[in-house]
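Derivation of every value follows stated rules applied to the coordinates shown; laboratory data play no part. The model shown is predicted, which means the values in this text are computed figures rather than measured ones. Neighbour counts run over all protein chains shown; Cβ positions are idealised from the backbone, glycine included.
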Amino acid sequence: MRCEHMTKPFQFLVGYITKTLALAEMEVRKLRHDPTELITRVVQPVLWLLVFGEVMSKVRAIPTGSLTYIEFLTPGILAQSVLFVAIFYGIAVIWERDLGIVHKFLASPAPRSALVLGKALSAGIRGLSQALIIYLLAILIGVHLRLGVIEILGVLLLVILGAGVFSTLSLVIACLVKTRERFMGIGQLLTMPLFFASNALYPVSLMPAWLQAISGGNPLTYLVDALRFLMLPGYSPEFSLALDFVALLLAMAALVLIGARLYPRLAR
């Protein structure tokens, strides 16, 4: 009897993970049928690193310690790329609503949180292509990177987690506004403040006090800090790696819970 009680939670967990992975696999399959999306994503990080990064390296207006500015910027551009990929992910959910796919998902036995997590995981897998692009580009322009197995695995985990956070935030927005036009307006409104109110382009210590307070509540700040620690030799994190991961995990958990509550409203 006791064994049966112990196996029920285990069976639920296995089923939950299976349903989450099944939805993520379905979403990733779309990317395989449209590889041009990966090619278009190369343009933005190239412009930021080769144009903005090189110019600011010559100016030397931002103190970055022992790092060159292009080295300091590289993890920030990876985080920015993850943000830009994930923050508009919710528009796909609105398309699914219009095509009747959301109703099919809601009629399935999968828990609502598994549906949200599956979409977050698929956004994270899409974000991995950005990590590959940034690493290759950084090596080509001479950025010194930590290339140990543990560090690279940590970066990949952070990319998936960061993309999950922002794609889930995107899904929550999509559930609230319900139309593509409103969603695009709000998505564009959020993207730049999230980016500039983070440490992607400059250290938190250079910000005025009010912006530092906003930056402290911005998940992108913690993503950038952790990426810099894992990617750059000799970088001292502004917070700590443990705090960075905890902040991202808490943001992810909160957004998944909110998204699971709101997701059925999208179908109405």
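For the stretch 153-196 and the stretch 208-229, what is the centre-to-centre distance using only Cα atoms, to the nearest Å? Using only Cα atoms to place each centre, the spacing works out to 16 Å.
For the stretch 68-142, trypsin sites (Lys or Arg not before Pro) meeting the loop criterion (DSSP other than H, G, I, E, B) and having at most 12 other Cβ atoms within 10 Å: none.
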